[in-house]
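Only one structure is covered here, and it is reproduced in the block below.
The values are calculated or read from the model by the stated rules, or taken from the named source; none is laboratory data. Note that this is a predicted model, so its numbers are computed, not measured. Cβ placement follows ideal geometry from the backbone for every residue including glycine, while neighbour counts extend to all protein chains displayed. Please note that ligands, DNA and RNA were not included when accessible areas were found on the heavy atoms of the full protein model with its side chains. Shrake-Rupley method; radii C 1.70, N 1.55, O 1.52, S 1.80 Å.
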Amino acid sequence: MKRYRYPAVAASEITPQHVFENRRRFLRQGATFGAALSLAPGMLLSARASAWQQTFADKIQQGVNEKDFAAGESITSVKDATTYNNFYEFGVRKSDPEVYAHKLKTDPWRVSIEGQFENTAEVNFEDILSRYTLEERIYRLRCVEAWSMVIPWVGFPLADLLKHHGLTSRAKYIEFESILDPENLRGQRSSIIEWPYREALRIDEAMHPLTILAVGMYGERMPNQNGAPMRLVVPWKYGFKSIKSVVAIRALEDKPTTSWVAQNPEEYGFYANVNPDVDHPRWSQARERRIGEGGRRETLMFNGYADEVAQLYADMDLQKDY
Ligand code: MTE
């Protein structure tokens, strides 16, 4: 795989300087929770996070400097990435997730590993986290309605978790399911999609090193509105594949139906690969608005990751399998 470079703009230029310095100091010295609290706006940390936050910082420090970074582009500001979101469990407006994010209860959080694994399990999220060195990687997340952001996600390859549980050769698809909690998640009281939110990947997509389970962003724990405590990031696909707040990971023999395909198969395909040549029925996908920039830029095939992923689809008609 190609080695990526750091983005053209240093993180210090897009994060307020004092926040950036605090974070670096925090990471370098393994500072106390006090330093972790001097976070960028929108990064919601619970006061109970202390020990966990320390582990998180240590783990990122291990991952940073030895891992590749994606996409040599300017990073979206923390503010934009945490205030302009799609998370229908909180409502359909882009501002809803930030407003209602505190309603998501992430502690305790258990993830159910089901289906074609040698070791199916109900795992505490914190135990999952303790197994892996976290990497900080910068990915583009292209969304459904033609906007994009460049976000430094913190996470680990999904493949690591699948292998850890002994994925069997019968598994052809991986299905993911988000939290179901209509009492706290107001969006789940209306039926825009079938709840819980469900997504899936073909097994080779799931095993690809660009597919990560993200547990944080910008060097910190995942804010609720971005899918705490753990979400998928599949950077060559439209944003709706990157399911948030995952509570179940299922290895299946047959292709499952996802929430968006069930809701409107004419508009949403199973693959959802970013493709400037295939329009959404209601809008062109040839150009995108990069949040934080004026005007529009041309959308790249597979969101710019064609060298890495095009071979997965070599035998397919992407006009048909959109
Ligand atoms: N996951 C859940 N559970 N619910 C959602 O509504 N929205 C998806 C995806 N994951 C969504 C979800 C869509 S449409 C997009 S564009 C991305 O999350 C947005 O991620 P972001 O808010 O971190 O940018």
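Once you have the Cα-Cα distance between Q54 and A121, take 0.36 nm times their residue separation minus that, and quote the gain in nm to one decimal. The partial results should precede the final answer.
Details: separation 67, 0.36 × 67 = 24.12 nm, distance 2.65 nm.
Answer, rounded to one decimal: 21.5 nm.
Cβ under 12 Å from P182's Cβ, P182 left aside: what net charge do those residues give with Lys, Arg +1 and Asp, Glu -1?
That works out to 0.
On the first, second and third principal axes, largest extent first, how far apart are the outermost C-alpha atoms of region 218-300 in Å?
38, 36, 19
How much accessible area per residue does region 102-193 have, counting only protein heavy atoms and a probe of 1.4 Å, in square angstrom? Intermediate values should be presented prior to the final figure.
Working: 3800 Å² over 92 residues.
Computed with neighbouring chains in place, this is 41 Å² per residue.
Whole-Hz Karplus ³J(HN,Hα) for region 108-115, in order, using 6.51 cos²θ - 1.76 cosθ + 1.60 and θ = phi - 60°, x for Gly and Pro?
Along region 108-115, the couplings run x, 9, 10, 10, 9, 9, 10, x Hz.
Hey, what do the phi angles of region 268-277 turn into as Karplus ³J(HN,Hα) couplings, whole Hz, using 6.51/-1.76/1.60 and θ = phi - 60°, x for Gly and Pro?
Here the 3J(HN,Hα) series is 10, x, 5, 6, 6, 6, 4, 8, x, 8 Hz.
At 7 Å along the Cα-to-beta-carbon direction for both S284 and E298, put a label point, then send me their distance in nm to one decimal.
Inter-label distance under the simple model: 1.3 nm.
Whose amide H sits under 5 Å from the amide H of A200, counting only residues 5 or more places off or on another chain, with H placed in the peptide plane?
Residues meeting the criterion, in which the H sits 1.01 Å from N, are F176.
Cβ neighbours within 10 Å, averaged per peptide: list 139-150, 99-110, 209-220 in order, most packed at the top. Kindly include the intermediate steps, with their values, before the conclusion.
Working: 139-150: 20.8, 99-110: 15.2, 209-220: 23.7.
Those peptides, ordered most packed to least, come out 209-220, 139-150, 99-110.
Pop out the ³J(HN,Hα) list for region 142-149 in order, Karplus 6.51 cos²θ - 1.76 cosθ + 1.60 with θ = phi - 60°, rounded to Hz; leave Gly and Pro as x.
These are the phi-based 3J(HN,Hα) values: 8, 9, 5, 9, 6, 10, 9, 9 Hz.
With r defined as the distance between the Cβ atoms of D321 and D107 and R0 fixed at 41 Å, what FRET efficiency is calculated, to the nearest 0.05? Don't jump to the answer; show the numbers that get you there.
Details: r = 40 Å, r/R0 = 0.96.
According to the calculation, E is roughly 0.55.
Measure up K94/K241; K105/K255; K79/K103 against 23 Å on the Cα-Cα distance and list the ones that go over.
On the way: K94/K241 17 Å; K105/K255 30 Å; K79/K103 20 Å.
Exceeds cut-off: K105/K255.
Skipping prolines and chain starts, which residues have an amide H placed within reach, meaning under 5 Å, of the one on F117, given they are 5 or more residues away or on another chain?
Close amide H contacts, sequence-distant or interchain: T168.
Size of the dipole of region 162-242 about the Cα centre, Lys and Arg at +1 and Asp and Glu at -1 on the beta carbon, nothing else charged, in debye to 20? Before the final figure, lay out each step's value.
Details: 11 positive and 9 negative charges, 34 e Å.
With only Lys, Arg, Asp and Glu charged at Cβ, the dipole is about 160 debye.
When the chain is fully extended, how far beyond the present Cα-Cα distance does K94 get from Q263, taking 0.36 nm per residue of separation?
Values: separation 169, 0.36 × 169 = 60.84 nm, distance 1.98 nm.
In short, 58.9 nm is gained.
Students often check this: by mean Cβ neighbours within 10 Å, which of 123-135, 151-163 ranks highest, and how do the rest follow? Walk me through the intermediate numbers first.
On the way: 123-135: 17.3, 151-163: 20.9.
With the highest mean Cβ count within 10 Å placed first, the list reads 151-163, 123-135.
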